[in-house]
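The values are calculated or read from the model by the stated rules, or taken from the named source; none is laboratory data. The model shown is predicted, which means the values in this text are computed figures rather than measured ones. Here the Cβ positions follow ideal geometry from the backbone for every residue, glycine too, while neighbour counts run over all protein chains shown.
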Ligand code: SF4
Ligand code: SF4
């Protein structure tokens, strides 16, 4: 299936952020909300907030301009239209994320429409919002996978990260309810210095509380909401242990939804020699991302706007935009002016355009944080016994099969989706 999509140049997956609104204020969240004072948004490629609220075309549309211009969101009808366009492009897997998707009053209608169109649905949520009745209706839709982020098995520590008292209790209750209802839930745990730093303690603590599936995410963006969050990065030892823990989790979940087999690069990287002609990751290659106001990006972590669905048909953006064509043309041989493909850590390297852009301003340049992730992955690999090593396979990020990446709340925290 992936090979067929690759041959046809079609997107197998899409990531749709329905809103940037969220009741949580996670310390490491990569979403940079449009700030009227600063007048800039990470996702506007420097465009002024007021310009951005009008969509890429510049013409304000009633439906696309929210009361707060920085929170412009596609209307229900516009989302429906986008879903149909995605279906026409033969997108199979759809990750619905934000922000917190449950703050949208029309979420259920959107999910029902997505199911009618036969997308395989991945929902990313904090699990802190939504009535029991609403969740019951979401369960009835039977999403393929729900991602919920936790930052500790200790409620006070988790709540200190999210900035919302009681958030751990709410998230855990949602996780257990979904599990009991037969929905596959991945808890995405993010280690943060000064909060939870021990992956094994975190996993066993959550398992004792009844959580069945724990994955790990890595915070890698230096800047979050204009703040430098490097102080939250765990040290090299904790990072290597996290990579090892995630590799085992992925191996254990191999039969589960085809979702973590590749991507965002962090954990579970498989040592495969890189060739100069290898694609780097799925960004614009066989996946794309759409922001709440309809901007199309190569990936949720790459703030380069390829077009806006309010102005240009999605298919035209996919086939014709300079941004997407450029990202899908990048190959390993171009990274860091040809030095990366010869790097001894390259077989373990989760190279990420998004991290490089965030850290260096150049998607093709090596970043210290990517190198640190690569070293931690090599370290975890070297320490593991032959039996514990992940099965050899295709490179984690190369081309098709790579799920949409999104760190945090599940996908916003690490070299993810
Ligand atoms: S998160 Fe990074 S590695 Fe993953 S698709 Fe986006 S740019 Fe590529
Ligand atoms: S570890 Fe650093 S230098 Fe080596 S391939 Fe990765 S980004 Fe390039």
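Below, the figures for the structure above:
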{"item": "Matching residues, segment 316-355, being near ligand 2 (Cβ under 8 Å from one of its atoms) and in a helix (DSSP H, G or I)", "result": "335, 336, 340, 341, 346, 348"}
{"item": "Which listed residue, of 339, 320, is within 29 Å of residue 244 (Cβ to Cβ) and either surrounded by fewer than 16 Cβ atoms within 10 Å (Cβ to Cβ) or modelled with pLDDT of 95 or more (or both)", "result": "339"}
{"item": "Given (1) within 16 Å of ligand 2 (Cβ to nearest atom); (2) over 29 Å from residue 148 (Cβ atoms); (3) at pLDDT below 90, number of the condition residue 386 does not satisfy", "result": "(1)"}
{"item": "Residue ID - surrounded by the fewest Cβ atoms within 10 Å (Cβ to Cβ), chosen from residues in segment 358-367 that are within 13 Å of ligand 2 (Cβ to nearest atom) and in a helix (DSSP H, G or I)", "result": "360"}
